[in-house]
1. Multiplying the sequence separation of VAL89 and ASN145 by 0.36 nm and subtracting their Cα-Cα distance, what value in nm do you get?
2. Where does each of 111-122, 82-93 land if you order them by average Cβ count within 10 Å, highest first?
Amino acid sequence: MGFFSKILEKLGLRKGEEDDANKPATAGRSTSSPAGTKPAGPPAPKSTITKTTAPQGQAMKSVPVAMSEVDVVEKLEQMGKGSGLNWKVSIVDLLKLLDIDSSREARNELAEELGVPAELKSDSAKMNVWLHKAVLKKIAENGGNIPQSLLD
């Protein structure tokens, strides 16, 4: 699991290639079964919602159903009540709020994962600003409703 995946998991947004790669082949099948038997495979993960449809006489197939966005701002504000952490401007505070390692080494790892420009690697302050924006942008790309004002 990558560092950014931990952030998505903490926000309830975990989805993507890792989940798809780890899904059993039976996860998208219908859960209806003949009387007295169990359905094949475990239910689909919470982050993946599928609707099973089949015209009469045809095989069942899964069709993705749109997933609603997670209200990240609301969630983070609830988590941060009384903490004094300013997650809207600080990557360190955002990681602390999510109970994720915020050390320099951890931030370097996250920055590498997200493709930090080489010229920012040697300047901690500039890298932190870039990293904060990159994390918020990636959260938005993964279904989190981040306001445009935090993405600019």
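Every number in this text was worked out from the coordinates using simple rules, so none of it is lab data. Just so you know, these numbers come straight off a predicted model, no measurement behind them. Please note: Cβ atoms are built from the backbone with ideal geometry, for glycine as well, and neighbour counts cover all protein chains shown.
1. Numbers: separation 56, 0.36 × 56 = 20.16 nm, distance 1.64 nm.
Difference between extended and current length: 18.5 nm.
2. Values: 111-122: 12.5, 82-93: 14.8.
The packing order, highest mean first, is 82-93, 111-122.
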